[in-house]
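Report on one structure; see the data block that follows.
The values are calculated or read from the model by the stated rules, or taken from the named source; none is laboratory data. Computed from a prediction, not measured in an experiment: that's the story for all the values here. Here the Cβ positions follow ideal geometry from the backbone for every residue, glycine too, while neighbour counts run over all protein chains shown.
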Amino acid sequence: MTTEKFNLSEKFSLITEHWRPKVGAELNGQELKLVKFQGVFPWHQHEQEDELFLVWRGSMKVKFRDRTVELAAGEGLVVPRTVEHRTLADAEAEVLIFEPALTRNTGDKVDAAFTAPNGVKI
């Protein structure tokens, strides 16, 4: 753990791919993950973990089976554990995700194109 400040814009500038979260900070067994969204992510759920999405730049949607929630910069949403969802972004969006350390981004699914390695730090 470090006591050095960090700059979100600088960290996001290091990310060159979509849907591959990078750990920007760690605290109390949680990770702050930075990720760029563009396109449509697969349906999934997290059996043990709640997820908090906070949009830094751009906009995104969280789709549930019965509704869709649109998020703009500065807006966030908590997806409770066991709730099936997927994320979408028409244009590139920069998003912060807060969740327990080593949470698989595709939850209960493993997908060759979308499942990202855990613990990749920037």
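Residues that are surrounded by fewer than 20 Cβ atoms within 10 Å (Cβ to Cβ) and in a strand (DSSP E or B) within the stretch 81-95 comprise Arg86, Leu88, Asp90, Ala91, Glu92, listed in sequence order.
Within the stretch 6-39, restricting attention to residues that are in a strand (DSSP E or B) and among the aliphatic types (A, V, I, L, M), the residue that is surrounded by the most Cβ atoms within 10 Å (Cβ to Cβ) is Val35. Just one residue in the set Asp50, Asp66 is surrounded by fewer than 16 Cβ atoms within 10 Å (Cβ to Cβ), without any contact (Cβ under 8 Å) to a residue 60 or more places away in the chain and out of contact with any Asp or Glu (no Cβ under 9 Å at 6 or more places or on another chain); that residue is Asp66. Condition first: within 14 Å of Leu96 (Cβ to Cβ) and in contact (Cβ under 8 Å) with a residue 60 or more places away in the chain. Can you find one or more residues in the stretch 34-47 that meet it? Checked the stretch 34-47: at least one residue is within 14 Å of Leu96 (Cβ to Cβ) and in contact (Cβ under 8 Å) with a residue 60 or more places away in the chain. Of all residue pairs spaced 6 or more apart or on separate chains, those with beta-carbon atoms under 7 Å, a first member in the stretch 89-107 that is under 16 Å from Pro42 (Cβ atoms) and in contact (Cβ under 8 Å) with a residue 12 or more places away in the chain and a second member that is among the acidic types (Asp, Glu) and assigned to a loop (DSSP other than H, G, I, E, B) are Thr103/Glu49.
Taken as a whole, the stretch 97-120 holds no residue that is charged (D, E, K, R), in contact with a Phe, Trp or Tyr (Cβ under 8 Å, 6 or more places away or on another chain), surrounded by 13 or more Cβ atoms within 10 Å (Cβ to Cβ) and modelled with pLDDT of 95 or more. Taking the stretch 69-80 as the range and being farther than 21 Å from Pro100 by Cβ and either loosely packed, with under 15 Cβ neighbours inside 10 Å or touching a residue at least 24 places away in the same chain (Cβ under 8 Å) (or both) as the test, the residues that pass are Val69, Glu70, Ala72, Ala73, Gly74, Glu75. Here Val55 fits the description: in a strand (DSSP E or B) and either in contact (Cβ under 8 Å) with a residue 40 or more places away in the chain or aromatic (Phe, Trp, Tyr) (or both).
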